[in-house]
Amino acid sequence: MAQFFVIHPENPQARLVNQAVAIIRGGGLVVYPTDSGYALGCHIGDKAAQERIRRIRRLDDKHNFTLVCRDLSEIATYARVDNADYRAMRNATPGPYTFILRATGEVPRRLQNPKRKTIGIRIPDNRITMALLDALGEPLMSSTLIPPGGTLPMTDPEVIREEMGAHVDVIIDGGFSGLEPTTVVDLTEDVPKVVRTGQGDPEPFL
């Protein structure tokens, strides 16, 4: 059964954050709050943990995994971003958006879309997420916690504990985190394309 950490949404307790990060580094799977529902996360280099996410969400090999980053300066390591895209992302982050970008060679091929060689990039506006990323020192490989057959992310930590406690290693209760998934914007072509409308305002990319 997963460990269950209640972490303050405004002032995350460093002790609990560090315990969660130790579990992630040890191959564990974490459920954590973002600004648009809860998400599943694991170490970027952990293939076994990634496969556990696939099984939990019943994902096929076409699914775009997302790297959750601390800020835009971290993105250049993992994605190709031109000046126009950088400005657009700077105006929208941190916030409830996922950006689809061309992956660099630093991204393991198993994380990329197999045909398009793309990766999702995300900078959430959530203090617990930022505390995790600061302690980890690198992005989290992540996927929104949407149950199989569902369309909306899970938002209630107690329900997550009941339904997912046997399948993950640590659940972080950070309170309510929004009802809608992120707005997904594809920035791989000359003109941005809104792939999914969610919590983030799509207007700047239309």
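Each reported figure results from applying straightforward, stated rules to the coordinates on display, with no laboratory input. Fair warning: this is a prediction, and the values are worked out from it, not measured in the lab. We place every Cβ from the backbone using ideal geometry, glycine too, and count neighbours over all the protein chains shown.
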remark   = Between the residues ASN83, PHE65, ALA14, the Cα farthest towards the positive end of the dipole of the range 3-205, that dipole coming from +1 and -1 charges on the beta-carbon of Lys, Arg, Asp and Glu, is from PHE65
message = With 10 angstrom as the radius, rank VAL21, VAL195, VAL30 by how many other C-beta atoms surround their C-beta, starting from the fewest.
response = VAL195, VAL21, VAL30
query = How many nm is it between the label spots at ALA22 and ARG196, if each spot is 7 Å from the Cα in line with the beta carbon?
reply = 3.4 nm
message = Among ARG58, ARG122, ARG80, which one shows the highest mean-square fluctuation when the chain is modelled as a Gaussian network with alpha-carbon springs under 10 Å?
response = ARG58
request  = Only bridges with both residues in the chain count here: give the DSSP antiparallel percent, nearest 5.
outcome  = 60 percent
task = Assign unit charges at the C-beta atoms only (+1 for Lys and Arg, -1 for Asp and Glu), then state the dipole size of the chain relative to its Cα centre in Debye, rounded to the nearest 20.
result = 780 debye
inquiry  = Check which residues have an amide H placed less than 5 Å from ASP35's amide H, if you skip close sequence neighbours.
reply    = ASP125
message = Could you identify which residue out of GLY27, GLY174, GLY120 has the top mean-square fluctuation in a GNM of the chain using Cα springs shorter than 10 Å?
response = GLY27
Residue (of MET130, CYS42, THR155) at the positive-pole extreme of the range 3-205, dipole from beta-carbon charges = CYS42
request  = Please list the non-local residues whose amide H lies under 5 Å from the amide H of GLN13, H modeled 1.01 Å from N, same-chain partners needing a gap of 5 or more.
outcome  = HIS8
inquiry  = Tell me which DSSP H helices of the chain clear both cut-offs, 24 Å or more of axial length from alpha-carbon atoms and a mean Kyte-Doolittle hydropathy of at least 1.0.
reply    = none
request  = Collect residues whose amide H, placed 1.01 Å from N in the peptide plane, falls under 5 Å from the amide H of GLN3; neighbours closer than 5 in sequence don't count.
outcome  = VAL170, ILE171
task = For LYS47, list the aspartates and glutamates whose Cα falls under 17 Å from its own Cα; do not include residues on the same chain fewer than 8 positions away.
result = ASP60, ASP61, GLU106, GLU138, ASP169
key: Sites excluded, GluC sites (Glu not before Pro) in DSSP loops with at most 15 other C-beta within 10 Å, longest stretch of the chain   = 11-105
Simple Cβ-charge dipole of the range 128-206, Lys/Arg +1 and Asp/Glu -1, about Cα centre, in debye nearest 20 = 100 debye
